[in-house]
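For reference, the structure discussed in these notes is given below.
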Amino acid sequence: MTTRRTHRIFQPDGRALICATEHGMISGPLPGLEHMETALRQILAGGVDAVMCSYGAATRFAELLAPVGLILRTDGSGTALGAMDGSGAQFYTVEDALRLGADAMCVTAFPGTRHEEATLATLARVIRQAHAWGLPVMAEMVPGGFEGGPAMRTLAAIQLSARVAAELGADWVKIPYVEGFEAVVERCFVPVLVLGGPHLADPAATLTMVGRAMQAGAAGAVVGRNIWKAADPNGMARALAKIVHPHQV
């Protein structure tokens, strides 16, 4: 059911480099995303396989995004002006994604937080609705949430979170890197993509992390800030693409 759309994102080697660009839904015009069209052109020129973006960006830049896979950020919460402590909500429907021509939807869940049940319920609901129309869903699993997460991102927590996403029916999982990542991949029966995380001043740190994840069996990477906040977004995307697709001509 979801095979055709999945192949718009994952290349013949079974891997994908996805650039996340929907951060403006929370933080507005962040450095690197002040001028969305310029940012997208640099990202796409770098050879990413797909872009995850907001409904507004997908609508406004539909022609520009047409050559690559499109993943709609389905959920959201508050903005950086507020407490940002909500459980998240489903902002857009499967019908909205299909009208955009999206190839997949993305939902975030926060295992280990007080919003765990609500976010997992949203994830399960979107998966059920999307699969009824042959639309795949990427689960973004963030143990402990974005604020309290680092202390909870142990190997055991990452393993558990990835497996929960698979059990709920996600087509693939986006999750933070942890030492021992091969155990996460081995124990999750859907593809696992490593999450890029906060912007790192040294690009080599991101390249090393993604490289280790790929060696551990990851099916790719979902990187946002460490591409479009880089001094050379095009070059950073190209470098990551070579790591994700080392044999691609």
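The values are calculated or read from the model by the stated rules, or taken from the named source; none is laboratory data. This structure is a prediction, so every number in the text was calculated from the model and none was measured. Neighbour counts run over all protein chains shown; Cβ positions are idealised from the backbone, glycine included.
Quick one: residue 177 ticks every box in (1) out of contact with any Phe, Trp or Tyr (no Cβ under 8 Å at 6 or more places or on another chain); (2) surrounded by fewer than 18 Cβ atoms within 10 Å (Cβ to Cβ) except a single one, so which number is it?
(2)
For segment 25-62, give me each residue that is out of contact with any His (no Cβ under 8 Å at 6 or more places or on another chain), assigned to a loop (DSSP other than H, G, I, E, B) and under 17 Å from residue 236 (Cα atoms).
Of everything in segment 25-62, those that are out of contact with any His (no Cβ under 8 Å at 6 or more places or on another chain), assigned to a loop (DSSP other than H, G, I, E, B) and under 17 Å from residue 236 (Cα atoms) turn out to be 31, 32, 46, 47, 48, 49.
Quick one: what pairs do we get from segment 192-208, first residue over 20 Å from residue 138 (Cβ atoms), second among the charged types (D, E, K, R) and in a loop (DSSP other than H, G, I, E, B), C-beta under 6 Å, 6+ apart or different chains?
Here the result reads 199/229, each pair linking segment 192-208 to a residue that is among the charged types (D, E, K, R) and in a loop (DSSP other than H, G, I, E, B).
Scan 43, 127 and give me the residue that is in contact (Cβ under 8 Å) with a residue 40 or more places away in the chain and closer than 20 Å to residue 17 by Cβ.
43
Condition (residue is of a type outside the set (Gly, Ala, Ser), surrounded by fewer than 18 Cβ atoms within 10 Å (Cβ to Cβ), without any contact (Cβ under 8 Å) to a residue 40 or more places away in the chain and over 22 Å from residue 224 (Cβ atoms)) applied to segment 67-81: is it met by at least one residue?
Within segment 67-81, not a single residue is of a type outside the set (Gly, Ala, Ser), surrounded by fewer than 18 Cβ atoms within 10 Å (Cβ to Cβ), without any contact (Cβ under 8 Å) to a residue 40 or more places away in the chain and over 22 Å from residue 224 (Cβ atoms).
Just to verify a result, which residue in segment 186-229, among those that are assigned to a loop (DSSP other than H, G, I, E, B) and hydrophobic (A, V, I, L, M, F, W, C), is farthest from the chain's Cα centre (by Cα)? Don't jump to the end; show me each part of the working.
Start the filter on segment 186-229 by keeping residues that are assigned to a loop (DSSP other than H, G, I, E, B), which leaves 187-191, 196-202, 216-219, 224, 229.
With the extra rule that they be hydrophobic (A, V, I, L, M, F, W, C), the set shrinks to 188-190, 200-201, 216, 218-219.
Details: 188: 17, 189: 18, 190: 15, 200: 17, 201: 21, 216: 18, 218: 13, 219: 12 Å.
Once the filter is applied, the top-ranked residue is 201.
Restricting segment 63-120 to residues that are in a loop (DSSP other than H, G, I, E, B) and β-branched (Val, Ile, Thr), which is nearest to residue 29 (Cα to Cα)?
Of everything passing the filter in segment 63-120, 79 is nearest to residue 29 (Cα to Cα).
Could you go through segment 25-48 and let me know if any residue there is surrounded by fewer than 23 Cβ atoms within 10 Å (Cβ to Cβ), under 20 Å from residue 96 (Cβ atoms) and either at pLDDT below 95 or of a type in the set (Val, Ile, Thr) (or both).
For segment 25-48, residues surrounded by fewer than 23 Cβ atoms within 10 Å (Cβ to Cβ), under 20 Å from residue 96 (Cβ atoms) and either at pLDDT below 95 or of a type in the set (Val, Ile, Thr) (or both): present.
What are the residues in segment 104-122 that are touching a residue at least 40 places away in the same chain (Cβ under 8 Å), in contact with a helix residue (DSSP H, G or I) (Cβ under 7 Å, 6 or more places away or on another chain) and over 18 Å from residue 176 (Cα atoms), if any?
Across segment 104-122, the qualifying residue is only 104.
What is the one condition in (1) within 29 Å of residue 65 (Cα to Cα); (2) of a type outside the set (A, V, I, L, M); (3) surrounded by fewer than 22 Cβ atoms within 10 Å (Cβ to Cβ); (4) in contact with a Cys (Cβ under 8 Å, 6 or more places away or on another chain) that residue 159 does not satisfy?
(1)
So if I check each of 135, 160, which one is among the aliphatic types (A, V, I, L, M) and over 30 Å from residue 46 (Cα atoms)?
160
What's the number of the only condition in (1) modelled with pLDDT under 95; (2) closer than 25 Å to residue 38 by Cβ that residue 152 fails to meet?
Residue 152 satisfies all of (1) modelled with pLDDT under 95; (2) closer than 25 Å to residue 38 by Cβ except (2).
Given the conditions (1) more than 18 Å from residue 10 (Cα to Cα); (2) out of contact with any strand residue (DSSP E or B) (no Cβ under 9 Å at 6 or more places or on another chain); (3) outside any helix (DSSP H, G or I), report the number of the one that residue 183 does not fulfil.
Going through the list (1) more than 18 Å from residue 10 (Cα to Cα); (2) out of contact with any strand residue (DSSP E or B) (no Cβ under 9 Å at 6 or more places or on another chain); (3) outside any helix (DSSP H, G or I), residue 183 breaks only (3).
Give me a count of the residues in segment 125-156 that are surrounded by fewer than 19 Cβ atoms within 10 Å (Cβ to Cβ) and within 30 Å of residue 98 (Cβ to Cβ).
8
Given the condition surrounded by 15 or more Cβ atoms within 10 Å (Cβ to Cβ), part of a helix (DSSP H, G or I), on the phi < 0 side of the Ramachandran plot and not small (Gly, Ala, Ser), answer yes or no: does some residue in segment 10-20 qualify?
As a first pass, look at segment 10-20 and keep what is surrounded by 15 or more Cβ atoms within 10 Å (Cβ to Cβ): 10-11, 15-20.
From what is left, the residues that are part of a helix (DSSP H, G or I) are none.
No, because not a single residue in segment 10-20 is surrounded by 15 or more Cβ atoms within 10 Å (Cβ to Cβ), part of a helix (DSSP H, G or I), on the phi < 0 side of the Ramachandran plot and not small (Gly, Ala, Ser).
Would you be able to tell me the number of residues in segment 159-180 that are part of a loop (DSSP other than H, G, I, E, B) and more than 21 Å from residue 52 (Cα to Cα)?
Of the residues in that region, 3 qualify.
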